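Accompanying notes for the structure given below.
The values are calculated or read from the model by the stated rules, or taken from the named source; none is laboratory data. Given the structure is predicted, the values throughout are model-derived calculations rather than measurements. Cβ placement follows ideal geometry from the backbone for every residue including glycine, while neighbour counts extend to all protein chains displayed.
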């Protein structure tokens, strides 16, 4: 009978050996084949459709600097909860009962967190903080318990638990305080703990630090999970557009033109991600000698890229609801800013994939900023079409580059991956 390497076949082996075998039973196989995204993971993602809807509606209903600041803080919380869960399901098999149970418990906490988003800076701040902290710490504590002491991933997860516990204290302290500025400050510190601690290998005194080569992620799976989240964000934008159209009593030509502008703009965003780089991105992370490091880059970048989609969704809502309306300063900046942030995130993403910033994205972002003065003398429908035209132009530019031999486009990807 063939046994896994490093696992003692003797039934009377030590408790440490039995613990190691138990941990290995929940770890995804690393057999050189692409690990598929499971139905459990896709089911988990449904909560985040709701979370993104909550975030976009919050910004839409509070379209000022305070609303933007609050939405950005909450978005980082939402993203980090998903990101750490994504790494969890990359390492551990969601089809195993213990992993599935932990994933579904995380899903319930994520749902509670999402429900509290509209009043997270009000009376439900503590609910948001407690559900988020329980999501992060509870999942990690469960993994530490399942891994035991001797599994190769155990030290990394113990360090991760340390940082997430520090962050949890800050989240809960922010939820407990009634002072708005203290809540903002404490939650920003909490985000910094979780966002930047992987960059230093979750280093803690007396516990050492992790290195990305120890994270042994399945690169193709992680890339596919990031791509799935982009689909979630774009899907929410589509749902929001349909909802606003449904509420319109009269579908006149301007309403249908607004629908065309928002839908074509969304298609351009989809193409810029899936039509021009997603397959190459999967190849880069899969072939990298250090996929953990590239995977971390992917997650750092996608928080910006998806934020641009959320901002664009708010702009689409405005165009659909009030196509003849004249723009306020906040509306001008959200219509321009959403696509511009998306192009910024996409440009950095392609820097990792191809080794250089695409000129098309830089030109597109500058063109969007140049539209700001026009926003004060035009209506929402015109601005909607202008921003869509810029996205389309960038998409066509990238399409021409895509027709070049792949070897030319990915010539620098090896440098980016090493």
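Answer yes if at least one residue in segment 76-97 is over 16 Å from the mean Cα position of the chain (by Cα), assigned to a helix (DSSP H, G or I) and under 27 Å from residue 222 (Cα atoms), and no otherwise. Yes, segment 76-97 has at least one match.
I'd like the residue in segment 375-401 that is free of Cβ contacts under 8 Å to residues at least 24 places away in the same chain and within 15 Å of residue 261 (Cβ to Cβ) and, out of all such residues, is surrounded by the fewest Cβ atoms within 10 Å (Cβ to Cβ). By that ranking, first place goes to 389. Cβ separations smaller than 6 Å between residues 6+ apart or across chains give the following pairs from segment 139-166 residues that are more than 16 Å from residue 84 (Cα to Cα) to residues that are surrounded by fewer than 16 Cβ atoms within 10 Å (Cβ to Cβ): 150/16. Select from segment 301-327 the residues that are farther than 17 Å from residue 229 by Cα and free of Cβ contacts under 8 Å to residues at least 60 places away in the same chain and list them in ascending order. Those that are farther than 17 Å from residue 229 by Cα and free of Cβ contacts under 8 Å to residues at least 60 places away in the same chain: 322, 325, 326, 327.
Put simply, of 257, 267 the only residue that is over 25 Å from residue 351 (Cβ atoms) and either under 20 Å from the mean Cα position of the chain (by Cα) or part of a helix (DSSP H, G or I) (or both) is 257. Residue 98 meets all of the listed conditions (1) surrounded by fewer than 17 Cβ atoms within 10 Å (Cβ to Cβ); (2) more than 27 Å from residue 207 (Cβ to Cβ); (3) touching a helix residue (DSSP H, G or I) at 6+ places or on another chain (Cβ under 7 Å) but one, namely (2). Here residue 339 passes the criteria (1) at pLDDT 90 or above; (2) surrounded by fewer than 23 Cβ atoms within 10 Å (Cβ to Cβ); (3) in contact with a helix residue (DSSP H, G or I) (Cβ under 8 Å, 6 or more places away or on another chain) except the one numbered (2).
This table checks each residue for (1) free of Cβ contacts under 8 Å to residues at least 12 places away in the same chain; (2) surrounded by fewer than 19 Cβ atoms within 10 Å (Cβ to Cβ).
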position: 168; (1), (2): no, no
position: 178; (1), (2): yes, yes
position: 181; (1), (2): yes, yes
position: 192; (1), (2): yes, yes
position: 196; (1), (2): yes, yes
position: 207; (1), (2): no, yes
position: 219; (1), (2): no, no
position: 225; (1), (2): no, no
position: 228; (1), (2): no, yes
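Tell me yes or no: at least one residue of segment 62-70 is modelled with pLDDT under 90, surrounded by fewer than 17 Cβ atoms within 10 Å (Cβ to Cβ) and outside any helix (DSSP H, G or I). Please lay out each step first, then the result.
Going through segment 62-70, the residues modelled with pLDDT under 90 turn out to be none.
No, every residue in segment 62-70 fails to be modelled with pLDDT under 90, surrounded by fewer than 17 Cβ atoms within 10 Å (Cβ to Cβ) and outside any helix (DSSP H, G or I).
Please go through segment 122-132 and pick out each residue that is surrounded by 23 or more Cβ atoms within 10 Å (Cβ to Cβ) and not in a helix (DSSP H, G or I). None; the set is empty.
When residues in segment 133-171 are screened for being outside any helix (DSSP H, G or I) and either modelled with pLDDT of 95 or more or within 16 Å of residue 193 (Cβ to Cβ) (or both), 0 of them pass.
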